[in-house]
Amino acid sequence: MLNAAAAERNKEPILAVLRQSVNTGRPLQALEISSGTGQHVTHFAQALRNIIWQPSEYDRQSLASIEAYRAHYQLHNVRPAINLDVSLPHQYWGGIQPESLDLVVNINMIHISPMACTEGLFKGAGAVLKPQGLLLTYGPYAVNGQITPQSNIDFDYSLRQRNSEWGLRDISLLSSIAQRNGLFLEKIMDMPANNKCLLFRKESLV
């Protein structure tokens, strides 16, 4: 059971956003993309028992950690983790069917992965979400070309030094990618430690 300090800090604030944003009174299906250690999905699943959670990861070590958390908490509403490369089309997402999900959650991935992963996230979420389904992303972002405060500027610089394909993405860029895939930025919520939750809604065609 790996432990990420950031996940421990932000799991409760993100859960508060989920409580506000999703129906807690009926059965729902959710996919977490890039589940990391498994701390988030098990925390959310304990609090939101009406949601069946599907964790996923690209990293093998993280997959093992997610399974350790599942075994520890014995949660009936968390499925076994699947190996998922978000840069691939949704047909390669472990058999998840089009328009089968109410919720897709993606925490702290967009800024530490190549742009192909972000594009794949929005394209795939646009396919697997039901009409009116929700994509929640969390992390640090640029706003209208500006990064604030200085700590996020420094963080962005350090990310780009480590990998030229990483870095904070601009919310307007993400919104335009989302719209191309039938998702519309419904709400921006300020979070602790200069992060934000972005809530994207899949528009129905009717």
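The values are calculated or read from the model by the stated rules, or taken from the named source; none is laboratory data. All figures in this text were calculated on a predicted structure; none of them were measured in a lab. Note: ideal-geometry Cβ built from the backbone for every residue, glycine included; neighbour counts use all protein chains shown. Accessible surface areas use protein heavy atoms only, side chains included; no ligands, DNA or RNA. Shrake-Rupley method; radii C 1.70, N 1.55, O 1.52, S 1.80 Å.
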**OP:** State which residue pairs qualify: first residue under 17 Å from Met109 (Cα atoms) and inside region 144-165, second residue in a loop (DSSP other than H, G, I, E, B) in any location, beta carbons under 6 Å apart, and separation of 6 or more residues or different chains.
**Re:** Asn152/Pro140; Asp156/Ile147; Asp156/Gly167; Asp156/Leu168; Leu159/Trp166; Leu159/Gly167; Arg160/Gly167; Glu165/Pro114
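A quick yes/no check of all residues on (1) of a type in the set (Asp, Glu); (2) in a strand (DSSP E or B); (3) within 24 Å of Glu12 (Cα to Cα):
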| site | (1), (2), (3) |
| --- | --- |
| Val41 | no, no, yes |
| Phe44 | no, no, yes |
| Trp53 | no, yes, yes |
| Glu67 | yes, no, yes |
| Arg70 | no, no, yes |
| Asp85 | yes, no, no |
| Gln91 | no, no, no |
Original post:
Within region 31-61, how many residues are under 27 Å from Lys130 (Cβ atoms) and surrounded by fewer than 21 Cβ atoms within 10 Å (Cβ to Cβ)?
Top reply: 8
Subject >> Failed condition for Thr137, given (1) in contact with a Leu (Cβ under 6 Å, 6 or more places away or on another chain); (2) part of a loop (DSSP other than H, G, I, E, B) >> reply: (2)
Original post:
Inside region 65-89, can you point out the residues that are farther than 15 Å from Ser34 by Cβ and open to solvent by 30 Å² or more (accessible area, probe 1.4 Å)?
Top reply: Glu67, Ala68, Arg70, Ala71, His72, Tyr73, Gln74, His76, Arg79, Pro80, Pro89
Subject >> Failed item, numbered, when Ser62 is tested on (1) among the small types (Gly, Ala, Ser); (2) touching a helix residue (DSSP H, G or I) at 6+ places or on another chain (Cβ under 6 Å); (3) not in a loop (DSSP other than H, G, I, E, B) >> reply: (2)
**OP:** For region 174-197, state whether one or more residues are under 14 Å from the mean Cα position of the chain (by Cα), within 19 Å of Ser35 (Cα to Cα) and either of a type in the set (A, V, I, L, M, F, W, C) or open to solvent by 70 Å² or more (accessible area, probe 1.4 Å) (or both).
**Re:** yes
**OP:** Scan region 150-173 residue by residue and report those that are assigned to a loop (DSSP other than H, G, I, E, B) and surrounded by fewer than 12 Cβ atoms within 10 Å (Cβ to Cβ).
**Re:** Asn163, Ser164
